[in-house]
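Accompanying notes for the structure given below.
The values are calculated or read from the model by the stated rules, or taken from the named source; none is laboratory data. It should be emphasised that the depicted structure is a prediction, and the values quoted were computed from it without experimental measurement. Using ideal geometry, Cβ is built from the backbone for each residue, glycine included, and neighbour counts are taken over all protein chains shown. Surface areas here come from the heavy atoms of the whole protein model, side chains and all, with no ligands, DNA or RNA. Shrake-Rupley method; radii C 1.70, N 1.55, O 1.52, S 1.80 Å.
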Amino acid sequence: MTRLDGKVCLVTGSASGIGKRIAEVYAANGGKVVIADLKLDAAQATATEISNAGGDAFAVAMDVTDEAQVDRGVADAIAHYGRIDVLVSNAGIQIVNKITDFAFADWKKMLAIHLDGAFLTTRACLRDMEKRKAGGAIIYMGSVHSHEASKLKAPYVTAKHGLLGLARTVAKEAAEYGVRANVICPGFVRTPLVEKQIPEQAKELGISEDEVVRNVMLKGTVDGEFTTVDDVANVALFLAAFETNALTGQSLVVSHGWFMQ
Ligand code: NAD
């Protein structure tokens, strides 16, 4: 149940971090992967790395907040591979600040990347899945912050909670076409997105960087460990390969026990 057998998998934000590892694991398990990222050079470099390792990958430039770019990127992927079977809506950024200091422009930027991006990519891929009636999987990259709040992260927590609502709605609307929608909710993973936050949070909270890691990021885990890109990619593989509507509208928390539901 963990082989993708030629399934076409479009992963947004896959030139770095979690998305990149998902694309690599999908390709290693027989998927054809579309590397969709803001940064075309980095997306092409990732696609080349995957091809050199024996996989099948195709890069498209896509700002997930831009309707025309999303529609064009998905159309290019369909022109190249013929269809989309799996969407992983993963692209994301983090901006931390107190609510009273948050610029409205930063709030809107966060919601645009996490929520507009999820909606636009879902709409474009689901149109293809509905037309073909051959099933499919849509996976959203949520977070423990889809269930839990933290100081300084108002738009991130708001957007990640919002993805649960989108996934549940897609699960209901798309079930008749055999399309499943689920959310993966990782704990802290040491990617560029998190490395950037460590000094920022240390400054905001007036504590050392080591204390941010130990007392903020990993405090609630069962073992003081970071979640890894492999942990998240293996769950993404399981969800992409799962074959029935039995597993839809769910969120799976992958966080070393930081959040238990
Ligand atoms: P990352 O910074 O390593 O990678 C993010 C990728 O998204 C980059 O390649 C970037 O170019 C791309 N991107 C940014 N804005 C984009 C846009 N508008 N359109 C298309 N691509 C865009 O980050 P990451 O840690 O791998 O995060 C990936 C996802 O995982 C995010 O949604 C993040 O919220 C989520 N997440 C991360 C963690 C963590 O601890 N790292 C935990 C939970 C959830």
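3J(HN,Hα) along the range 75-87: 4, 5, 5, 5, 4, 7, 10, x, 5, 10, 9, 9, 10 Hz, from the Karplus curve 6.51 cos²θ - 1.76 cosθ + 1.60 with θ = phi - 60°, whole Hz, x for Gly and Pro. Taking Cβ atoms as reference points and 14 Å as the exclusive limit, the residues near Ala202 contribute a net charge of -2, counting Lys and Arg as +1 and Asp and Glu as -1. Note that the range 57-64 has calculated 3J(HN,Hα) couplings of 9, 9, 9, 10, 7, 7, 8, 5 Hz, one per residue in order, obtained from phi through the Karplus relation 6.51 cos²θ - 1.76 cosθ + 1.60 (θ = phi - 60°); glycine and proline are x. Dividing the summed helix terms, -39500 (n - 2.57) for each DSSP H run of n ≥ 4, by the number of residues in the chain produces a 222 nm estimate of -14000 deg cm²/dmol to the nearest 500. Straight-distance candidates among the aspartates and glutamates for linking to Lys203, with alpha-carbon spacing under 17 Å and chain neighbours fewer than 8 residues away dropped: Asp101, Glu195, Glu211.
With the whole protein complex present, Asp5 retains an accessible surface near 120 Å², based on a 1.4 Å probe. Model label points for Lys133 and Gln261, set 7 angstrom from Cα along the Cα-to-Cβ axis, are 3.2 nm apart. If the chain linking Lys98 and Lys219 were pulled fully straight, counting 0.36 nm for each residue of separation and taking away their Cα-Cα distance, it would gain 41.5 nm.
Give, in nm to one decimal, the length gained when the segment between Asn52 and Asp106 is fully stretched (0.36 nm per residue of separation minus the Cα-Cα distance).
Working: separation 54, 0.36 × 54 = 19.44 nm, distance 3.84 nm.
Additional length available on full extension: 15.6 nm.
For Tyr81, neighbours were defined as the other residues whose beta-carbon sits under 12 Å from its Cβ, and their charges (Lys and Arg +1, Asp and Glu -1) total -1. Under a model in which nothing but the beta-carbon of Lys, Arg (+1) and Asp, Glu (-1) is charged, the chain shows a dipole of about 540 debye around its Cα centre. For Val60, the residues whose amide H sits under 5 Å from its own are Ile35, Ala36, Asp37, ignoring neighbours fewer than 5 places away on the same chain, with H placed 1.01 Å from N. A simple packing score, the average count of other Cβ atoms within 10 Å per residue, orders the peptides 112-118, 10-16 as 10-16, 112-118, with the highest score first.
Summarising the amide proton neighbourhood of Leu252: residues at separation of 5 or more, or on other chains, whose placed amide H is nearer than 5 Å comprise Val183, Ile184, Cys185. Loop-located trypsin sites (Lys or Arg not before Pro) in the range 104-196 (DSSP state other than H, G, I, E, B) with a sparse environment of at most 14 neighbouring Cβ atoms within 10 Å: Lys133, Lys151. Placing dummy labels 7 Å off each Cα toward the beta-carbon, the span from Arg123 to Arg83 is 2.4 nm. For the listed residue pairs Lys32/Lys151; Lys7/Lys172; Lys133/Lys153; Lys7/Lys109; Lys39/Lys109; Lys20/Lys196, the alpha carbons are over 28 angstrom apart in Lys32/Lys151; Lys133/Lys153; Lys7/Lys109.
Listed values for the range 110-119 are Karplus-derived 3J(HN,Hα) couplings in whole Hz (6.51 cos²θ - 1.76 cosθ + 1.60, θ = phi - 60°), namely 4, 5, 5, 5, 7, 9, 4, x, 5, 5, and x replaces Gly and Pro. Remark on Ala137: its backbone amide H falls under 5 Å from those of Val86, Leu87, Arg180, a criterion applied only to residues 5 or more positions apart or on other chains, H modelled at 1.01 Å from N. Taking Ile50, Ile84, Ile198 as the candidate residues, the one with maximal mean-square fluctuation in a Gaussian network model of the chain, Cα springs under 10 Å, is Ile198.
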